[in-house]
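The values are calculated or read from the model by the stated rules, or taken from the named source; none is laboratory data. All values derive from a computational prediction rather than experimental measurement. Here the Cβ positions follow ideal geometry from the backbone for every residue, glycine too, while neighbour counts run over all protein chains shown. Accessible surface areas use protein heavy atoms only, side chains included; no ligands, DNA or RNA. Shrake-Rupley method; radii C 1.70, N 1.55, O 1.52, S 1.80 Å.
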Amino acid sequence: MENKYDFKVIETKWQHYWEEHGFYKVSEDPGRPKYYDLEMFPYPSGNLHMGHVRNYAIGDVVARFKAMNGFNVLHPMGWDAFGLPAENAAIKNGIHPSIWTDTNMENMKSQLKTMGISYDWDREIATCKPDYYKFTQWMFLKLYEHGLAYKKKSAVNWCPSCQTVLANEQVVDGGCERCEAVVEKKQLEQWFFKITDYAQRLLDDLEMLPGWPEKVKIMQRNWIGRSEGCQFDMKIKGSDQVVPVFTTRADTVFGVTYMVMAPEHPLVADISQNTPQAQEVKEFVERIKNLSEIARTSTEVEKEGVFTGAYAINPMNGEEVPIWIANYVLMDYGTGAIMAVPAHDQRDFDFARKYNLPIRVVIQGNDTPLDGADLTEAYVGDGKMVNSGTFDGNSVESGIAAVIAYMEEHGIGQGSINYRLRDWLISRQRYWGAPIPIVYCNDCGMVPVPEEDLPVLLPEDVEFKPSGESPLNYVRSFFETNCPNCGKEARRETDTMDTFVCSSWYFDRFCSPHESEQPFDKAATDYWMPVDQYIGGVEHAILHLMYARFFTKFLYDIKWLSCQEPFTNLLTQGMVLKDGSKMSKSKGNVVSPEDIINTYGADTARLFILFASPPERDLEWSDAGVEGAYRFLNRVWRLVVDYAHLINSQDGEGAELDEAARQLRFKTHATIKKVTDDIEGRFNFNTAISAIMELSNMLGAYRDNPQPNPAVVKEALESLLLMLSPFSPHIAEELWQLTGHEGSITLMAWPQYDPSALVQDEIEMVIQINGKVRDRIMVPSDSNEEEVRQQCMQTERIAAQLQGKTVQKMIVVPGKLVNIVAR
RNA sequence: GCGGAUGUGGCGGAAUUGGCAGACGCACCAGACUUAGGAUCUGGCGGGUAACACCGUGGGGGUUCGAGUCCCUUCAUCCGCACCA
């Protein structure tokens, strides 16, 4: 046959056809159910990698499948286009970040187009464009207006060699990702978003997300880290000062033998003043301050501390206990100070043993020694309170409640909840980001830029410092401005926003990407939001997904959005591996999507990547596997070509089906059922594809039939192409046309199975003896249990096996098997 | 240390509700076609055996007529968090 599968011609042809006919452009249509299908938009690094291909192939199957099932599908794509690599490229190669980014976006867009994904490109957005970041700035202003954006001095990661602040994610193993210098801590004025105000809702509303992987929800729960306890004040002996402490173990308050404050605690200098320990304390604080984040907080580091010379008073029993400062107490959790109960907290125990501090047992477990001196480790289990005055005899649980109640009654302290979650530091001392819309005026102080003055444009003409320091600090025309309030000379904020801010609301923007006066049109988000299916890498399980949820809740609160959660269903796809590890330049195991698409075509690339593994799991790249996918598409091609004469004739309509034809029809409908269930119910594209392969195999074998039934073949082939089309759309289009259909397969309805075709006259039943398969029989599918029992005893093999045995029991699983229990 | 996941042929994987372990694909072996084959088609393919028997889902134990699937225990690998009071 001269008609060969020429993917290059076919793929180009249909990509142009789809584009010319605007197939994937969508608008709101109240008459149809909507479906918002979204893949995490990429950073425009310049080239697609296999992880992208996998992500977008998965998303495209969902989009095409839903469209064929009658949904009005929104499937947009854009660019998370601000960020450090562009700036590094500028420093290294002298290319302006905007040019570098534009070039990359263009390149990746054309690569995406060769994949044949059903994007509505009219909705393309890039977060680095003023028409977008204008509204990122608007988001900032709204948060500011509602008291959720604030500035405070904070310890940040500082790279002494690059002379700049680094984001947490830019610190790799305690060093700068760019120059590997050891990162230091530095106190700087920084902008924060008050995500902690939403901690409880972010936690509670995880319950509203049954469509999210449990794993991601657990990670978020742990990250939020809610813990219930109480907070109370410890008075400083001989002073009016008090130090609040937080504990989850109020029941152990009578076991307090010392107190610990974080070295950074603001009262440390005060209380140690005029004590013999003052100098030692000062030195210790200095030393700890200069440690890197890793050296400071790692569990590997041995606990150490110094006595401050001061004493605190336990409000429950009036006892005086020494106040220490130690490296194991952190300033930014709880109150930065703890009551130490070495008998019942392992960390306190370790510390107490090291510095010979007393250990007093106040919870008596079954075998807990009463004397702290006999303990070998802290006792953290349940038990009865002892040495605790009137509270003795309480269990841990009732003791906690009783002590808190007592504290509240006597004005000592109160029940309190702490979160591990911290406010979101959004300042970046970088050029390539959305400028923070704030002006500093000597008279008016901090003044937000009025909405009508947005966007605060990034100046184009800047000079990049080799040190990495933000060029914005040197652009007078940028930072010299007038106060929006009083008109006097003022200075503009030169920090830009973390790129996670840009990606916290882009899914809203996709609903109405061309709005110029507002971030999005409420009618559009009311129609499209929330995203029905969100797909991306699990590496965003916490940061991006938490920030996006926070923004959505905030926009809901200020009545801009009608949904409280942005993503109804979440699919976290696994990584693409080669030789057992993640593809990376340093390992030299990178497979380029461009090469694969050039050699085998997009249909093959997509098919392989979806077939090789279920989406959530890691996928091992295999060149041989790609060959296999390519061969399969070639087989389908030949199959259709071979049958072309048959299906173009109209013979055989309504004719009686022989056994072979009935089997083929059964397989067709069974496959439709299976593929539909696999895609819709559980996103198992690998098994869906294997089912399509089975149908194809059966159709291939049926070619040998001397009297084929054209109607049954036609139905089988059409179903095959329809089911293949979400996975490998180009070849499906071409073969659809080749089999005499007008128009595009993309617009066709998903095939429906006919339950009556799945009814069989006879079914096979397995016969087991003592749980082992010994024979199989065909029985009429309407046989009752008694008939099956009779029949299975009569087969030769079963009769032989049962020689000399007594049948004790028979278990019949209708339609499946019979198990004969014989001894 | 805590939390989570995974473990099935030579390989990727399937078995969806406790009911035929190994679908589908790759690799491999044999055959057909052919000047040729790294194309295509047909057949085979967990171990074991002449054929049965028998053994087999990381290891050990248990529940059950029946376990890859449920329970207990243990090992290995990967991921996340990591002094969170």
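Tell me, what is the percent relative contact order of chain A, built from C-alpha pairs under 8 Å that lie six or more residues apart?
Details: 1453 pairs, mean separation 110.4, N = 823.
It comes to 13 percent, rounded to a whole number.
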Separation in nanometres of the label points that stand 7 Å from Cα toward Cβ, at A:N598 and A:D526: 5.1
Candidate lysines for bridging to A:K8, where Cα separation is under 23 Å - those fewer than 8 sequence places away on the same chain excluded: A:K109, A:K113
Within segment A:598-687, list the GluC sites (Glu not before Pro) lying in a DSSP loop whose Cβ has at most 13 other Cβ atoms in a 10 Å radius. A:E653, A:E656
Dimensionless Rg/Rh of segment A:595-758, both radii on Cα and Rh by Kirkwood, sits at 0.97
Convex hull volume per residue for chain A, taking Cα atoms only, in Å³: 246
Which of the peptides A:718-725, A:406-413 is most tightly packed, and how do the rest follow, going by the mean number of other Cβ atoms within 10 Å of each residue? A:718-725, A:406-413
Gain in length, A:V773 to A:N482, computed as 0.36 nm per residue apart minus the alpha-carbon separation, to one decimal in nm? 96.1 nm
Partner lysines for A:K152 [C-alpha distance under 18 Å; skip if fewer than 8 residues away on the same chain]: A:K185, A:K186, A:K194
Taking r as the C-beta separation of A:E145 and A:V821 and R0 as 51 Å, the FRET efficiency to the nearest 0.05 is 0.10
Run the 1.4 Å probe and let me know the accessible area of A:D102, rounded to the nearest 10 Å². 60
With the cut-off at 1.5 for a/c, could you classify segment A:79-173 from its C-alpha gyration tensor as rounded, prolate or oblate? oblate
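Apply the membrane-span-like helix rule to chain A: whole DSSP H runs, Cα extent along the own long axis of at least 20 Å, mean Kyte-Doolittle hydropathy at least 0.0. List the helices found. The partial results should precede the final answer.
Working: long enough: A:50-68 (27 Å, 0.21); A:97-115 (27 Å, -0.92); A:130-145 (22 Å, -0.64); A:543-557 (21 Å, 0.34); A:623-648 (37 Å, 0.09); A:659-682 (33 Å, -0.97); A:685-702 (26 Å, 0.78); A:710-724 (21 Å, 1.31).
Passing helices, by number: A:50-68, A:543-557, A:623-648, A:685-702, A:710-724.
Normalising by the residue count of segment A:227-418, find the relative contact order in percent from Cα pairs under 8 Å and 6+ residues apart.
Details: 391 pairs, mean separation 54.0, N = 192.
Here the relative contact order equals 28 percent.
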Surface per residue (accessible, 1.4 Å probe) for chain A, Å²: 45
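What does the C-alpha gyration tensor say about the overall shape of segment A:289-401? Classify as rounded when a/c is under 1.5, otherwise prolate if a/b is larger than b/c, or oblate. Spell out each step's value before the answer.
Numbers: a/c = 1.91, a/b = 1.64, b/c = 1.17.
Prolate, because a/c is 1.5 or more and a/b exceeds b/c.
Any idea what the relative contact order of segment A:357-486 is, in percent, if you count C-alpha pairs under 8 Å spaced at least 6 apart? Display every interim value, and only then the final one.
Values: 121 pairs, mean separation 18.4, N = 130.
Taking the mean separation of contacting Cα pairs over the length of segment A:357-486, I get 14 percent.
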For a Förster distance of 30 Å, can you work out the FRET efficiency between the beta-carbons of A:S690 and A:I218, rounded to the nearest 0.05? 0.45
Under the Karplus relation 6.51 cos²θ - 1.76 cosθ + 1.60, θ = phi - 60°, what is the ordered set of whole-Hz ³J(HN,Hα) values for segment A:494-505, x standing for Gly and Pro? 9, 6, 10, 8, 3, 5, 5, 5, 4, 8, 8, 9
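Go through segment A:20-52 and name the chymotrypsin sites (Phe, Trp or Tyr not before Pro) that are in a DSSP coil and have 12 or fewer other Cβ atoms within 10 Å of their Cβ. Numbers along the way, then the final one.
Working: sites: A:F23, A:Y24, A:Y35, A:Y36; in loops: A:F23, A:Y24.
Sites meeting the loop and neighbour criteria: none at all.
Taking the DSSP beta bridges in chain A as the whole, what percent of them are antiparallel, to the nearest 5? Spell out each step's value before the answer.
Values: 75 of 99 bridges.
Bridges in chain A that DSSP calls antiparallel: roughly 75 percent.
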Treat each spin label as a single point 7 Å out from the Cα along the C-beta direction, and report the A:N107 to A:Q564 distance in nm. 4.6
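Could you tell me what percent of the accessible area of chain A is made up of carbon and sulfur, with a 1.4 Å probe and every protein chain present? Before the final figure, lay out the partial values.
Values: 17820 of 36630 Å².
Solvent-exposed carbon and sulfur of chain A make up 49 percent of the total.
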Expected 222 nm ellipticity per residue - DSSP helices of 4 or more, -39500 (n - 2.57), all of chain A, to 500: -11000 deg cm²/dmol
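When the chain is fully extended, how far beyond the present Cα-Cα distance does A:E451 get from A:E489, taking 0.36 nm per residue of separation? Don't jump to the answer; show the numbers that get you there.
On the way: separation 38, 0.36 × 38 = 13.68 nm, distance 1.96 nm.
Stretched out fully, the A:E451 to A:E489 stretch lengthens by 11.7 nm.
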Reachable lysines from A:K809, criterion Cα separation under 24 angstrom, eight or more residues apart if same chain: A:K772
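Report the charge-dipole magnitude of chain A in Debye, nearest 20, computed about the Cα centre from +1 at each Lys and Arg Cβ and -1 at each Asp and Glu Cβ.
Details: 81 positive and 116 negative charges, 240 e Å.
Dipole of chain A, to the nearest 20 debye: 1160 debye.
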Grab every C-alpha pair in segment A:391-485, bin the distances at 10 angstrom width from 0 up to the longest one, and report whole percents. 12, 26, 18, 9, 11, 16, 7, 0
